[in-house]
1. So which of 96, 92 is touching a strand residue (DSSP E or B) at 6+ places or on another chain (Cβ under 6 Å), part of a helix (DSSP H, G or I) and under 22 Å from residue 162 (Cβ atoms)?
2. Pick out, from the range 137-198, the helices (runs of 4 or more DSSP H) lying fully within it that include 3 or more residues that are closer than 30 Å to residue 37 by Cα and touching a residue at least 24 places away in the same chain (Cβ under 8 Å).
3. Would you confirm whether or not the range 76-86 contains a residue that is within 20 Å of residue 175 (Cβ to Cβ) and crowded, with 21+ Cβ neighbours inside 10 Å?
4. How many residues are in contact (Cβ under 8 Å) with a residue 40 or more places away in the chain and out of contact with any helix residue (DSSP H, G or I) (no Cβ under 8 Å at 6 or more places or on another chain) when one looks only at the range 54-80?
5. Quick one: would you say residue 51 is in contact with a strand residue (DSSP E or B) (Cβ under 6 Å, 6 or more places away or on another chain) and without any contact (Cβ under 8 Å) to a residue 24 or more places away in the chain?
6. State the number of residues belonging to the range 48-85 that are assigned to a helix (DSSP H, G or I) and within 26 Å of residue 141 (Cβ to Cβ).
7. Which residues, taken from the range 100-127, are in a loop (DSSP other than H, G, I, E, B), in contact with a helix residue (DSSP H, G or I) (Cβ under 6 Å, 6 or more places away or on another chain) and farther than 22 Å from residue 70 by Cβ?
8. Between residues in the range 91-118 that are without any contact (Cβ under 8 Å) to a residue 24 or more places away in the chain and residues that are assigned to a helix (DSSP H, G or I), which pairs lie under 8 Å by C-beta distance while being six or more apart or on different chains?
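Please treat every number below as a calculation from the coordinates, not as lab data. Only a predicted model underlies this, so the values are computations on that prediction, with no experimental measurement involved. Cβ placement follows ideal geometry from the backbone for every residue including glycine, while neighbour counts extend to all protein chains displayed.
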């Protein structure tokens, strides 16, 4: 119910945006649909994504099924930052979907394996940043969708400075993975050691 007040507020502040949008159906609630509609990138990705989008942990994208999980959120809550973060998670995971699966087939060195997976993360970060920027502009600064990362300030700076996907990926992979507690780099190294035996 509370999200309806957000629609009213944005409609009053940004009447052109509110009147011109057809809301994508995320499957995550109408409040998420409404915020997502402020980004043309996210709207087209939602419409093109045929996999399941649902609440669950850990947040993830499964390349085999195209299933996306984002942390649980309720449109009935008064948690506006939680709503914006949900859209951030959705844009990050759809960034993985858009990027496709990185080529990590053997033979590949450990360094190549880690770099390709971190570049895949960088593509998701860039998607998250593009979506966030579009929503900020459409809402005239009212809605701030965060980058999904513990070091988001550094990643914002890198993205806005036009740094390479390799460099953005390295910085992102310094974060701890929510499921393992290890850095993404360490998680990828450990996976490589266990599954690429030569």
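1. 96
2. Helices (runs of 4 or more DSSP H) meeting the threshold: 152-160, 165-172.
3. For the range 76-86, residues within 20 Å of residue 175 (Cβ to Cβ) and crowded, with 21+ Cβ neighbours inside 10 Å: present.
4. 3
5. no
6. Going through the range 48-85 one residue at a time, the tally reaches 6.
7. If we filter the range 100-127 for residues that are in a loop (DSSP other than H, G, I, E, B), which is where we start, we get 100-109.
Checking the rest, the ones that are also in contact with a helix residue (DSSP H, G or I) (Cβ under 6 Å, 6 or more places away or on another chain) come to 102, 104.
Listed by number, the list holds a single entry, 104.
8. Between residues of the range 91-118 that are without any contact (Cβ under 8 Å) to a residue 24 or more places away in the chain and residues that are assigned to a helix (DSSP H, G or I), the close pairs are 102/116; 102/117; 102/119; 102/120; 103/116; 104/113; 104/116; 104/117.
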